[in-house]
1. Per-residue HN-Hα couplings for the stretch 53-60, Karplus 6.51 cos²θ - 1.76 cosθ + 1.60 at θ = phi - 60°, whole Hz, x for Gly and Pro?
2. Modelling each spin label as a point 7 Å along the Cα-to-Cβ direction, I'd like the Thr152/Lys184 distance in nm, to one decimal.
3. Would you please put 98-109, 152-163 in order of how densely packed they are, using the mean number of other Cβ atoms within 10 angstrom per residue and starting with the highest?
4. So for the stretch 103-238, Kirkwood radius off the Cα pairs, Stokes-Einstein at 20 °C and 1.002 mPa s: how many µm² s⁻¹?
5. Tell me which residues come under 5 Å, amide H to amide H, from Lys3 once H is placed; ignore anything under 5 positions away on its chain.
6. Packing-wise, with mean Cβ within 10 Å as the measure, how do 125-137, 232-244, 79-91 rank, highest first?
7. Using Cα atoms only, what is the angle between the long axis of helix 102-112 and the major principal axis of the chain, expressed in degrees (0 to 90) to the nearest 10?
8. Starting from 0.36 nm per residue, how many nanometres of slack lie between Ser204 and Lys81 once their C-alpha separation is accounted for?
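All of the numbers you see were taken from the coordinates with simple rules; none came from a lab. The shown structure was predicted, so the numbers you read here are calculated from the model rather than taken from an experiment. Every residue, glycine among them, receives a Cβ derived from its backbone with ideal geometry; neighbour counts consider all protein chains shown.
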Amino acid sequence: MTKTFAVIGDPIDHSLSPNIHNSAFRELDLDCTYIAYKIPKNELSYGLDALKKIKISGFNVTIPHKIDIMKFLDGTDEDSKLIGASNTVTNQNGVLTGYNTDMQGFLDPIIQRELDIKNSNILLYGAGGAARAIIVAFAKQNAKKITIVNRTIEKGKELEELGKKLGLNSEIISLENFEGNKNKYDFVINSTSIGMKNEIFPISQDLIDENSVVYDIVYKPINTDLIKKGKNVNATIIYGYEMLLGQAVRSFEIWMDKKAPYSAMKKAILGGFS
Ligand code: ATR
């Protein structure tokens, strides 16, 4: 029987995950298919019931469900527990197990470029599920300090607590209080959906220079406002599709228990922009 996989989230129309995973299935001649399934914020329980009914083999989880999904899982890996969020789920006869492939997916392009995280000064915009994976990644790599800016202060505070718990010097600043900040940051990261609709990134270009790394987890459009700001000052750029590829490769390997066809998956992502 054909195995079915999915990505759940909202918005989901823009998702490249179906292209990536279906290309991988084709490359290895696997009898599997992958669909995008829109589940609005308050309909997660109902949506999961529907997925169980069609005997979904596994699924990815994206905005806004990465944290909420934890309540519905029967078990999780260590990274999900530490991060408090899952982005990859397996289904074995109705038993759901969560994994987090975001943290390694986020780190992959930093490691590939041999960039130094140790002692770095980081500005992180956002405080959702992806932000939690990112803060754990930086804590594990011994960053010096992380400054969190988020629309909802309470959620930012939770992230600040998580960072501190892991021994990372962390602070939360509101967007209003952040204006006029004159620091330069080694890393400026967007972990929100801002940019998907070509919004202006609400943080000044003056905070980065040619020694900074600018990393946007939004992958469509490729050139978000933050990426453009990074290019204006000749910063090192890391594109959202790079994290997407890293987490997708790991999700595939969890579901299939075999090595993912990296080149075919990368080609599928880049083809998705043409
Ligand atoms: P995920 O778990 O997939 O990361 P999430 O938990 O909904 O998704 O987190 C999304 C992040 O993007 C949050 O930091 C959210 O800010 P709030 O904590 O204030 O909700 C941020 N975000 C989403 N849309 C935004 C917008 N239009 N302006 C500012 N921040 C936004």
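1. So the Karplus estimates, Gly and Pro as x, are 4, 8, 6, 4, 7, x, 7, 9 Hz.
2. For Thr152 paired with Lys184, the spin-label model returns 3.6 nm.
3. Listed from highest to lowest mean packing, they are 98-109, 152-163.
4. 146 µm²/s
5. Answer set, sorted by chain and number: Cys32, Thr33.
6. 125-137, 79-91, 232-244
7. Tilt relative to the chain: about 60 degrees.
8. Contour length minus Cα-Cα distance gives 40.9 nm.
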